[in-house]
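Here, each number is a calculation from the coordinates, and none is a lab measurement. The structure presented is a predicted model; accordingly, all values stated were derived computationally and were not measured. Heads up, the Cβs are rebuilt from the backbone with ideal geometry, glycines too, and the neighbour counts pull from every protein chain shown.
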Amino acid sequence: MVRDQIVARGVTDPRVLAALAAVPRELFVPADSQAEAYADRALPIGPAQTISQPFIVAYMTAHLDVLPRDRVLEVGTGSGYQAAVLAQLAGRVDTIEYDAALSAQARQRVEGLGIANVTFHVGDGSAGLAERAPFDRIMVTAGCPVVPDRLTEQLADGGVMLVPVGEADAQVLLRVSRRGGRTYTDRLLECRFVKLVGRYGWDA
């Protein structure tokens, strides 16, 4: 997977590759999908929920540029796979999911691997986690109609957020940086994520 789907498509950061190699992806997909765990596509993990394809996980992780002491917020825990990857790179990861059952399953998987620097939250991820802010890095793993202002406000100065923005069935991955009280936005690539449900995302 790392060689053929990730390095071959331009993600070569050794820390990111090591993080991916450290997390067994097959543990984060349903039992009947484990044979496809390393396929180059998203897989369903529940109603209107997916685990992103390996390349997207690698690409977003690389472009978030997580440093060892960073405080990271992940919006959209899903299976817990992305949080487990981020935990290999960051000082602390907070991950929030609106579906309590999914969050509980993700926590069991992540903690079962001995990963101790991830805190799980259930709630409206579109509003972030103001009580834990500011964050050095924010990764949104669901599509938004616009960049949620509440999340931008929770970025530390010098912080970076990755967020897919666009229509319900097609988005562009944006890299939002905050410097000196101003924000700067770069377009990265076209993508497709499930909808971010919440007050500052899509209606349920």
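Want the number for MET1 to ALA100: 0.36 nm per residue separation, take away the alpha-carbon distance, what's left?
Full-extension gain reported as 32.6 nm.
With an 8 Å Cα cut-off and a minimum separation of 6 or more residues, compute the relative contact order for the chain in percent. Provide the component values of the computation, followed by the final result.
Details: 447 pairs, mean separation 31.9, N = 204.
Answer for the chain is 16 percent.
Order these peptides, 72-82, 41-51, by their mean beta-carbon neighbour count within 10 angstrom, highest first.
72-82, 41-51
Only bridges with both residues in region 2-191 count here: give the DSSP antiparallel percent, nearest 5.
50 percent
Quick one: Cα centre-to-centre distance for region 126-176 and region 1-61, in angstrom?
For region 126-176 versus region 1-61, the Cα centre distance is 21 Å.
At ALA31 and ARG187, where each label point lies 7 Å from the Cα along Cα→Cβ, what is the point-to-point distance in nanometres?
Going from the ALA31 label point to the ARG187 one covers 4.6 nm.
Please list 3J(HN,Hα) in residue order for region 97-104, calculated via the Karplus relation 6.51 cos²θ - 1.76 cosθ + 1.60 where θ = phi - 60°; whole Hz, with x for glycine and proline.
9, 7, 8, 4, 5, 4, 4, 5
Would you work out if region 22-75 is rounded, prolate or oblate? Take a ≥ b ≥ c from the square roots of the eigenvalues of the alpha-carbon gyration tensor; rounded if a/c is under 1.5, else prolate when a/b is larger than b/c, oblate otherwise.
Taking the square roots of the gyration eigenvalues as a ≥ b ≥ c, region 22-75 is prolate.
Please compute the modelled spin-label separation between ASP169 and ARG41, points set 7 Å along Cα→Cβ, answer in nm with one decimal.
Spacing of the two 7 Å Cα→Cβ label points: 1.7 nm.
Just to be sure I understand the model, the point goes 7 Å from the Cα along the line to the Cβ. What's the resulting LEU113 to ASP65 distance in nm?
Using points 7 Å along Cα→Cβ, the separation is 2.5 nm.
Principal axis extents for the chain, Cα atoms only, whole Å, descending order, please.
Cα extents, longest axis first: 46, 36, 33 Å.
Based on the Cβ-Cβ distance from ALA156 to ALA22, what FRET efficiency comes out when R0 is 30 Å, to the nearest 0.05?
0.70
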